[in-house]
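Derivation of every value follows stated rules applied to the coordinates shown; laboratory data play no part. Values in this document were obtained by computation on a predicted structure and should not be read as measured data. When we count neighbours, we look across all protein chains shown, and the Cβ atoms used for this are built from the backbone with ideal geometry, even at glycine.
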Amino acid sequence: MSGIEVIAGRCTTVFEGSRDREQHGDALVVVKPDGTVLVHDARGYQPLAWLTRAEAVTVDRDTITARDGDQSLRVTVEEAYGRGRYPASDAGVPVGDCPDCDGTLVRARGDVSCPDCPVEYSLPTGATVLGETCADCDLPLFRVERGATFEVCLDADCESLDERVREAFDREWCCPACGGDLRVLRRGGLLLGCERYPDCETGFSFPAGRHVDDCRCGLPVFETATGQRCLDRECGDEPSTEEPPDAGV
Ligand SMILES: [Zn+2]
Ligand SMILES: [Zn+2]
Ligand SMILES: [Zn+2]
Ligand SMILES: [Zn+2]
């Protein structure tokens, strides 16, 4: 089912579940494409009855039925004052103009998309979309931390984050298992992986943070949203600067 179905009318709502309830009055029924059904009356922001992302929803002329596990919601419309089905999209924070149409790009759920055309750009984890635009294609830039802070065009075909990270950190550190160089690679996510793969399978996902220090194990330490950590999550060593001065060696 695509679009949002909206029905305003005199309704009887029967909810069966944790506690059964029947309500009657003039209400607005909203059926979302994800199976969420909301029934609103005259007051407040809270629906008088609802079922979120129901497994099964049927919309007939006079009845809307939603079922999810042992819960069900049935709305009988005795008299419809108005009804219709309208387009629905993910609404998000506006971040700039669409390059392909007159629409406005919005950021929702980690992606930037246009509600008016199929344009879509995926954002890396932790990215912030900026007000500045790309000098080459006019799309918004985003800022993200991968070892350093990078400001990159939304369109990976215009400017590649991977390329920027590679220029900065490829072969920068050594594999703790075999001494080979750690390469900046993409296998699903961005990695620092040993150049001797598949003979050496050492690899670490690239942290969303800035390189601020080096660990006693030889690997870099990153400042992330949750604090400082070694590239190797399993490494228990502290950053070298936090080594006590009187550490007897
Ligand atoms: Zn567009
Ligand atoms: Zn660009
Ligand atoms: Zn290695
Ligand atoms: Zn370490």
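Name the residue farthest towards the positive end of the dipole of the chain from the options Gly227, Thr63, Pro198, assuming +1 on Cβ of Lys and Arg, -1 on Cβ of Asp and Glu, about the Cα centre.
Thr63
Of Ser113, Ser160, Val212, which is farthest on the positive side of the dipole of the stretch 106-249, counting Cα position, with +1 on Lys and Arg Cβ, -1 on Asp and Glu Cβ, and the Cα centre as origin?
Ser113
If you keep only loop residues by DSSP, which GluC sites (Glu not before Pro) in the stretch 144-236 have at most 15 other Cβ atoms within 10 Å of their Cβ?
Those that pass, being in a loop and sparsely packed, are Glu172, Glu201, Glu234.
Quick check on the exposure proxy: order Thr125, Thr36 from fewest to most C-beta atoms within 10 angstrom.
Thr125, Thr36
What do you get for GluC sites (Glu not before Pro) in the stretch 27-100 restricted to DSSP loop and a cutoff of at most 11 other Cβ within 10 Å of the site's Cβ?
Sparse-neighbourhood loop GluC sites (Glu not before Pro): Glu55.
Decide, for the stretch 99-148, between rounded, prolate and oblate: order the square roots of the alpha carbon gyration tensor eigenvalues as a ≥ b ≥ c, take rounded if a/c falls under 1.5, and otherwise choose prolate if a/b is larger than b/c, else oblate.
oblate
Within the stretch 32-98, which trypsin sites (Lys or Arg not before Pro) sit in a loop by DSSP and count at most 13 neighbouring Cβ atoms inside 10 Å? Walk me through the intermediate numbers first.
Numbers: sites: Arg43, Arg53, Arg61, Arg67, Arg74, Arg83, Arg85; in loops: Arg43, Arg53, Arg61.
Hits after loop and neighbour filter: Arg43, Arg53, Arg61.
Using the crude model of +1 on Lys and Arg Cβ and -1 on Asp and Glu Cβ, and no other charge, please compute the dipole size for the chain relative to its Cα centre, in debye to 20.
920
Per-residue ellipticity at 222 nm for the chain, helices alone: DSSP H runs ≥ 4 residues times -39500 (n - 2.57), over residue total, nearest 500 deg cm²/dmol?
-1000 deg cm²/dmol
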